[in-house]
Structure formats: C-alpha cells, structure tokens
C-alpha cells in the first residue's frame, strides 16, 4: 500500500469559539489550507462541535480531509483535544460535554460571539450558552468517555503556562492512556523534551491553535495510508510504516 | 502551628490524619497550578488548593508536604475517591473545607502560619 505524506493541522478554532476571529469561516479556512498545502485538518472549538459538520462539508468540496473534534476544558482547567472519525460520535460527545458545562449564558461583550455557520460560512444562529469555561469532567473522565466513543485524546499545548496538562497537574497522571501531546510552535520537539523531560516517550505534534487564518501552519507532517483516525493512531505510535514529524 | 492542630480548626474535615501530628508547619503555600507548587512549595509546608485531582497527592508526597487543605469542598463525596485512597497509601495528611482558599488562609495566618516567602 502506498503511503501519503499529509501536512496537517489538528487544532483549529472557528467562529464558534468566542476568542476566534470572524475570518475563521469554513470556506476561508479551507482556502487557507489549500494555499499552504495543508491536506488534513481537525476542527476543535472550545467545548463544542457545532461547526464541525460545516467544515467537513467545505473540506469535502476541496478534497481536504477534516476530522470532527473539540478542545474540551476539564475541571482542572486542562485543555484536551478530542478527535473523532465521524460527526456522529463527535456530536454524541458534545451532548455529554454540554451536560457537564454550567448552564450560563455567554457574555458576548466580554468573550465575543459564538456563531454557528454552514459550509458556505453563512450565519445560522448564535450559540448562546457559555462554552469557554470548565466542564465538571476530570482529565481521566474525558479520556475514558472519548475513548468509549472511539475517539482519540491529545493533551493540548502542554508547554503553555496555563490550561495545560503539565502546568495544571504538574506531572502526567499515571495510568492515563496518553500516546501523544501537542506543543506550541514556540518551541521545537527537542526543546520541549529538554524543558519537560516527562514528555519522553510521547509523540509530539505541533499545531497553530489557530484563532486566525495566519496561525495555520501545517507543521505536523503525517505519513498514513488515508486520513482516518485509525491511521493517525498508527502514525502516532510509529507503527506499520506510519509516522509523524514536526517540520 | 502543628500539622495535627489543623484538624481542630472550625469547618475542617480531616480525610487522612497526619502521620506526625506534632510536626510544626514550616510555611504556607497556595496555588491551583501544580507545576507552580512543584517549583515553590517545600517540605513541611501546608498547601491550600481547590484542585482534587489525585496528582495533588502525588505532588504533595514528592515534596514531603505536611498536609493539603482542599477548599470550596461542600460535598466530600465530590473528591475523587482515588485522591483519598492515594493520600492514605502515601500518608499525605488531607483536609477538606467548604470555605474558600482566602478564608482558610486567613485563619491559618491568625493561627501563626507564615507564607513561604515571609518570616
């Protein structure tokens, strides 16, 4: 089987994330991906996957694979990327997350708007509940629940001084089923290992955590047979000739 | 203040008793970022946090912390059972209180506990 080399970006916000710029609309994200040669995306809004379907649809038209996902915030304020193969389990996960979010309205004047859009980027509705806050789920619960739905969990920006597994919990909790971690583009994997020796043995990926188009970079290169979660798991494990590089 | 005396403060529930109740508390530290705790807290300190993750115990044990007070904890059942179990195993004194971190620290200070960066 011939393997593909796919520049990828697995941490990406749309206008559903209050902190994202208004340009983070499906057609513009896909156009930017095409411009940069990024061939594999994951959409990971804060505690929601309501724009995942729209980005998948927009990606399909351009031949760019999009995994539905989410950046969930645990009760320890740790950010975890949750990736799925299909929209259905991603939305099932969203339901569980919504049940564990406080029932508060979004304060647009403070946080910004949370927009649900279609594949053309047309406005559909506001998401009026507060998304950008902690769920009542622990790190361990998120791993267990996402894996039960067939998803993959990758701790986000572990080198950041807040909202990170290492900053908030100090050490990687023993017993956690963790194979990979995301680092910011601010440092190389070698520098990350030097600063955080606990990352040894994990596969490191780099994403732009893009809140604006200019933060998309496609610095993670993945060698897989096809852009599926099963293949990504193999690549993160370095198995069967699949592999991940940070470029 | 001795670590054993923490149990006798009002609004404190003792979950795991200190192994050496006569040990004098060497200083007080509060943070919910465990990486900060690892960088700054030290042996014999009392640590005040609202985190309830089992890593709280792992970090306290690593640093030889005298005891941990979990704040804003009105319902002890909400603390991860693994946290309490681990504290027992590692002999980390563990307390809980419904009070806020600010209030419990003010009480500790009135009882003579100094911050790690004073005294």
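The values are calculated or read from the model by the stated rules, or taken from the named source; none is laboratory data. Being a predicted model, the structure only gives us computed values, none of them experimental. Neighbour counts are summed over all protein chains in view; Cβ atoms, including those assigned to glycine, are modelled from backbone coordinates with ideal geometry.
Among the residues of segment A:134-149, those identified as surrounded by 15 or more Cβ atoms within 10 Å (Cβ to Cβ) and assigned to a loop (DSSP other than H, G, I, E, B) are A:134, A:135, A:137, A:138, A:149.
Would you check if there is a residue in segment A:197-206 being assigned to a loop (DSSP other than H, G, I, E, B), away from chain B (no Cβ under 14 Å), under 15 Å from the mean Cα position of the chain (by Cα) and farther than 24 Å from residue B:52 by Cα?
Going residue by residue through segment A:197-206, those that are assigned to a loop (DSSP other than H, G, I, E, B) are A:200-202.
Pick out the ones that are also away from chain B (no Cβ under 14 Å) and you get A:200-202.
Filter once more, so that each one left must be under 15 Å from the mean Cα position of the chain (by Cα): none.
No, the conditions are met nowhere in segment A:197-206.
Residues satisfying the criterion are absent from segment A:115-132 (criterion: in contact (Cβ under 8 Å) with a residue 40 or more places away in the chain, within 14 Å of another protein chain (Cβ to nearest Cβ), surrounded by 14 or more Cβ atoms within 10 Å (Cβ to Cβ) and assigned to a loop (DSSP other than H, G, I, E, B)).
Filtering segment B:90-101 to residues that are more than 17 Å from residue B:116 (Cβ to Cβ) and either away from chain A (no Cβ under 14 Å) or crowded, with 24+ Cβ neighbours inside 10 Å (or both) leaves B:91, B:92, B:93, B:94, B:95, B:96, B:97, B:98, B:99, B:100.
The residue that is surrounded by the most Cβ atoms within 10 Å (Cβ to Cβ), counting only those in segment B:31-50 that are more than 9 Å from chain A (Cβ to nearest Cβ) and under 23 Å from residue A:135 (Cα atoms), is B:48. Screening residue B:16 on (1) within 14 Å of chain A (Cβ to nearest Cβ); (2) in contact with a strand residue (DSSP E or B) (Cβ under 7 Å, 6 or more places away or on another chain); (3) crowded, with 20+ Cβ neighbours inside 10 Å shows it passes everything except condition (1). If you go through segment A:21-31 and keep only what is assigned to a loop (DSSP other than H, G, I, E, B) and surrounded by fewer than 24 Cβ atoms within 10 Å (Cβ to Cβ), you end up with A:21, A:22, A:23. Every listed requirement among (1) closer than 20 Å to residue A:46 by Cα; (2) part of a loop (DSSP other than H, G, I, E, B); (3) out of contact with any strand residue (DSSP E or B) (no Cβ under 6 Å at 6 or more places or on another chain) is met by residue A:163 save one, (3).
Being farther than 21 Å from residue A:49 by Cβ, more than 14 Å from chain B (Cβ to nearest Cβ) and within 18 Å of the chain's Cα centre (by Cα): is that true of residue A:181 here?
Taking the combined requirement at face value, the residue satisfies it.
No other residue among A:103, A:85 is part of a loop (DSSP other than H, G, I, E, B), surrounded by fewer than 24 Cβ atoms within 10 Å (Cβ to Cβ) and out of contact with any helix residue (DSSP H, G or I) (no Cβ under 8 Å at 6 or more places or on another chain) apart from A:103. Filter segment B:51-68 for residues that are closer than 22 Å to residue B:11 by Cβ and out of contact with any helix residue (DSSP H, G or I) (no Cβ under 6 Å at 6 or more places or on another chain); which is farthest from the other protein chains (Cβ to nearest Cβ)? Once the filter is applied, the top-ranked residue is B:65. Scanning segment A:157-168 for any residue that is at pLDDT 95 or above and away from every other protein chain (no Cβ under 14 Å) turns up nothing. Is it the case that residue B:62 is under 16 Å from residue A:169 (Cα atoms), touching a residue at least 24 places away in the same chain (Cβ under 8 Å) and surrounded by fewer than 22 Cβ atoms within 10 Å (Cβ to Cβ)? Answer is yes for this residue. The set of residues in segment A:1-13 that are under 13 Å from residue A:215 (Cβ atoms) and touching a helix residue (DSSP H, G or I) at 6+ places or on another chain (Cβ under 8 Å) comprises A:9, A:12. For residue B:77, are the conditions met, namely being assigned to a helix (DSSP H, G or I) and either more than 14 Å from chain A (Cβ to nearest Cβ) or closer than 30 Å to residue A:197 by Cβ (or both)? No, not satisfied.
So if I check each of B:87, B:109, which one is in contact with a strand residue (DSSP E or B) (Cβ under 9 Å, 6 or more places away or on another chain) and crowded, with 22+ Cβ neighbours inside 10 Å? If you could, list the steps in order and put the result at the bottom.
Details: B:109 fails: crowded, with 22+ Cβ neighbours inside 10 Å.
After ruling out the rest, the residue left standing is B:87.
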